[in-house]
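Quick notes on the structure that follows.
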Amino acid sequence: MPGKVTAAHADIESDCQKCHERFDRDAQTRLCLDCHDKVAADRSTAHGFHGRQPAAHESACAVCHSEHQGRDADIVGLDRAAAADRFREIDPH
């Protein structure tokens with residue numbers, strides 16, 4: 001294994017197939033969204049941060065959320081104040 005996953009994913013760490021398909025890197029986003037169903041719904045309905053932020057809506061999850069950096073790694077990397085400001089620009093309501 002390349003390294004420990006975050007504490008939030010520790011319960012599935014030994015089940016590599018939850019996040020990876022052999023020889024198919026493109027499957028990873030689909031596998032992320034299988035578990036992260038609220039993010040999947042946002043992306044498919046253009047709601048919430050992941051649905052309204054073009055980079056989040058169109059990119060692979062791993063572009064912003066890279067795992068195997070240890071239990072305490074911050075794979076969200078979200079500056080909540082900046083994100084709130086950006087979200088207001090996208091949807092001023």
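Overview of values
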quantity	calculated
Criterion (part of a helix (DSSP H, G or I), under 16 Å from the mean Cα position of the chain (by Cα) and at pLDDT 95 or above) met by exactly one of ASP42, ASP34	ASP34
Qualifying residue in the range 56-73 (condition: buried (at least 17 other Cβ atoms within 10 Å of the Cβ), of a type in the set (Val, Ile, Thr) and under 20 Å from GLN28 (Cβ atoms))	no
Residues located in the range 5-31, provided they are in contact with a His (Cβ under 7 Å, 6 or more places away or on another chain) and either exposed (fewer than 11 other Cβ atoms within 10 Å of the Cβ) or in a loop (DSSP other than H, G, I, E, B) (or both)	VAL5
Residue within the range 50-63 that is touching a Ser or Thr at 6+ places or on another chain (Cβ under 7 Å), part of a loop (DSSP other than H, G, I, E, B), under 18 Å from VAL76 (Cα atoms) and among the aliphatic types (A, V, I, L, M) present	yes
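The values are calculated or read from the model by the stated rules, or taken from the named source; none is laboratory data. Keep in mind the model is a prediction, meaning the values are calculated, not measured. We place every Cβ from the backbone using ideal geometry, glycine too, and count neighbours over all the protein chains shown.
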